[in-house]
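The structure appears right after this line, and notes come after that.
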Amino acid sequence: PRNAAAGAVRQLDPKVTARRRLSFFAYGLNGADSLSLKDHMAVIDFLKEIGFRVSPNAVKVSGFEAMKAAYEDMARRRPALGWGIDGTVWKLADLEQQEMVGWNHRVPRFAVAWKFPPEEMPTELLGIDIQVGRTGAITPVARLKPVFVGGTTISNVTLHNQGQVHLKDVRIGDTVIVRRAGDVIPEIVGPIIDRRPEGASPWVMPTTCPECGAPLHLTGAEHFCSGGSKCPAQRLYRITHFASRLAMDIAGLGESIVATLLNEGFITCASDLYSLDTARLTAMPGFGIQSAGNLASAIAGTRNRPLAKFIFSLGIEGVGERSSKDLAAAYGSWKAFTACTRESLLSVQDVGDVTADSILEYLDTPETADEAQRLADLVQPQSVEKAVGGRFEGKMLVLTGTLPTLTREAATALIEAAGGKVSGSVSKKTHAVVAGEAAGSKLEKAQSLSVPVWDEAEFLEQIGTVEAQAQASRPPEEECPLFQASLF
Ligand SMILES: [Zn+2]
């Protein structure tokens with residue numbers, strides 16, 4: 001009822017709101033003091049006098065015991081009221097006192113709600129159904145003998161996951177307690193063990209997806225269908241994700257077009273996009289030659305998209321945009337990624353146990369791995385230029401002093417990108433020392449060991465990337481005084 005009322009008031013067209021036939025009890029009035037009203041009950045009486053409906057249950061009491069008695073009386077009368085309430089509200093009656101205690105942010109300090117405990121009702125657990133979400137997440141849902149609780153008839157309640165089912169130990173045939181408070185999602189509190197039928201056995205999560213038959217796997221506390229885009233429950237979401245802007249970025253291929261392509265049998269999975277029957281598509285209502293052609297070329301345009309985007313587009317559970325980048329940087333190529341081990345995954349930034357398991361599961365499950373390989377063959381994701389074979393491959397460099405344009409971090413990044421390592425001390429093994437202004441003992445040591453010493457210009461020449469310099473250099477010196485001036 002609360003949501004229905006809020007939705008009705010939120011209508012853009014007041015005529016629609018009017019048709020919803022809402023009614024309300026007035027319980028307050030702004031500017032009551034200007035009418036020389038001194039008391040909340042006087043406000044209520046005034047509102048009633050000028051024609052508003054007011055609650056017939058408002059009472060003025062004095063003292064905590066009287067409040068408690070009135071609250072309990074209200075709880076007893078609650079079922080017969082004819083409208084839903086979830087508690088009582090107490091206000092300081094004296095308006096002057098209300099003003100004295102005032103507000104804490106937007107919450108009045110002169111009013112307090114006493115909620116009733118959530119309503120609970122017993123009913124029979126008829127079965128536990130499995131729902132497959134858009135991402136393949138598996139949710140056990142309790143099917144109940146319909147029961148009226150908290151103002152609504154309830155026949156389905158989510159049990160969240162296998163762990164919750166076992167924790168609550170609900171079994172099919174049990175009499176269970178259902179609880180619902182206000183607009184909160186109803187929940188099963190637990191079974192009434194005394195009323196458990198003989199032979200009721202603990203619930204077991206199925207091993208395969210009810211929608212597609214693919215095996216289920218456990219990631220963290222949740223089960224997932226491993227069917228990927230072969231699973232009807234996941235297809236639409238997965239293909240739409242594959243085409244989305246941060247993934248393969250196929251212009252014009254949003255959810256509604258994907259739905260059409262699926263429903264009309266053009267595709268069953270993302271790899272089918274690459275062999276679209278454009279001649280037939282042209283004949284579809286709303287397509288025409290041009291848009292079918294545009295779609296086909298947008299799909300073809302995904303060839304050689306960067307590896308990070310490709311990994312992201314697969315929608316592997318737990319692998320977001322950020323970790324896709326990290327994975328692409330760590331493995332460099334699709335082939336190397338598919339050969340990943342648990343150990344190598346865990347060494348990638350932000351990849352923990354759960355994500356590592358999820359990736360391995362994805363790559364070990366034929367349903368998902370085969371489709372991913374088909375897509376990789378079609379897209380040929382662009383490998384990341386790895387440092388292997390870089391100019392400083394296996395070389396140790398030392399930075400000392402202040403370089404004219406490069407920060408220490410930028411210089412380090414350039415060295416690492418070229419396959420080298422940065423060390424804090426000079427030895428005979430040091431490939432070169434890059435020295436700037438105010439270089440100290442490291443420079444002397446390099447000279448004594450006959451290690452080459454480069455200035456920044458020499459260093460950049462050795463790396464041989466003008467582009468790298470442009471990316472990594474800090475703002476030119478003359479801008480610095482301006483920047484500093486703005487600080488003071
Ligand atoms: Zn499935």
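All of 42, 26 fail the test of being assigned by TED's automatic domain parsing to the domain that holds residue 98 and not in a helix (DSSP H, G or I), apart from 26. Out of (1) on the phi > 0 side of the Ramachandran plot; (2) in a helix (DSSP H, G or I), what's the single condition that is false for residue 51? All conditions pass for residue 51, except number (2).
Taking the conditions (1) without any contact (Cβ under 8 Å) to a residue 24 or more places away in the chain; (2) in the same structural domain as residue 38 (by TED's automatic domain parsing) in turn, residue 143 satisfies each one other than (2). Check whether at least one residue in region 303-318 is over 23 Å from residue 350 (Cα atoms), modelled with pLDDT of 90 or more, of a type in the set (Gly, Ala, Ser) and away from the ligand (no atom under 16 Å from the Cβ), and report yes or no. Checked region 303-318: no residue is over 23 Å from residue 350 (Cα atoms), modelled with pLDDT of 90 or more, of a type in the set (Gly, Ala, Ser) and away from the ligand (no atom under 16 Å from the Cβ). Taking the criterion of being surrounded by fewer than 10 Cβ atoms within 10 Å (Cβ to Cβ) and in contact with a Gly (Cβ under 9 Å, 6 or more places away or on another chain), the only residue of region 193-212 that qualifies is 199. When 91, 145 are checked against the criterion of being surrounded by 15 or more Cβ atoms within 10 Å (Cβ to Cβ) and away from the ligand (no atom under 16 Å from the Cβ), a single residue qualifies: 91.
Which is surrounded by 16 or more Cβ atoms within 10 Å (Cβ to Cβ), at pLDDT 80 or above, polar (S, T, N, Q) and within 40 Å of the chain's Cα centre (by Cα), of 407, 412? Exactly one of 407, 412 is surrounded by 16 or more Cβ atoms within 10 Å (Cβ to Cβ), at pLDDT 80 or above, polar (S, T, N, Q) and within 40 Å of the chain's Cα centre (by Cα), namely 412. Listed by first and then second residue, the pairs linking a residue in region 12-30 that is within 17 Å of residue 2 (Cα to Cα) to a residue that is assigned to a loop (DSSP other than H, G, I, E, B), with Cβ atoms under 6 Å apart and 6 or more places separating them unless they lie on different chains, are 17/11; 25/53; 25/54; 25/55; 26/52; 26/54. For residue 315, the test of being outside the structural domain of residue 237 (by TED's automatic domain parsing), touching a Lys or Arg at 6+ places or on another chain (Cβ under 6 Å) and among the small types (Gly, Ala, Ser) is passed. Look at residue 244 and say whether it is away from the ligand (no atom under 16 Å from the Cβ), surrounded by fewer than 16 Cβ atoms within 10 Å (Cβ to Cβ), of a type in the set (Ser, Thr, Tyr) and not assigned by TED's automatic domain parsing to the domain that holds residue 132. The answer is no for residue 244. Restricted to helices (runs of 4 or more DSSP H) entirely inside region 226-345, those with at least 1 residues that are charged (D, E, K, R) and touching a residue at least 40 places away in the same chain (Cβ under 8 Å) are 232-243, 307-313, 321-331. Check whether at least one residue in region 61-79 is modelled with pLDDT of 90 or more, surrounded by fewer than 11 Cβ atoms within 10 Å (Cβ to Cβ) and of a type in the set (Val, Ile, Thr), and report yes or no. No, region 61-79 contains no residue that is modelled with pLDDT of 90 or more, surrounded by fewer than 11 Cβ atoms within 10 Å (Cβ to Cβ) and of a type in the set (Val, Ile, Thr). Among the residues of region 194-235, the one identified as more than 13 Å from the ligand (Cβ to nearest atom) and within 30 Å of residue 305 (Cα to Cα) is 219. Is it true that some residue in region 172-183 is of a type in the set (Lys, Arg) and under 25 Å from residue 321 (Cβ atoms)? Among the residues of region 172-183, not one is of a type in the set (Lys, Arg) and under 25 Å from residue 321 (Cβ atoms), which makes the answer no. More than 30 Å from residue 300 (Cβ to Cβ), away from the ligand (no atom under 16 Å from the Cβ) and surrounded by fewer than 16 Cβ atoms within 10 Å (Cβ to Cβ), is that true of residue 159? So residue 159 does not fit the description; no. Within region 194-215, residues that are closer than 18 Å to residue 358 by Cβ reach partners that are surrounded by 14 or more Cβ atoms within 10 Å (Cβ to Cβ) and small (Gly, Ala, Ser) with beta carbons closer than 8 Å, at six or more positions or on different chains, in the pairs 209/136; 209/226; 209/227; 209/233; 214/226; 214/227; 214/228; 215/226.
The values are calculated or read from the model by the stated rules, or taken from the named source; none is laboratory data. Keep in mind that what you see is a predicted model, and the values were worked out from it rather than measured. Neighbour counts run over all protein chains shown; Cβ positions are idealised from the backbone, glycine included.
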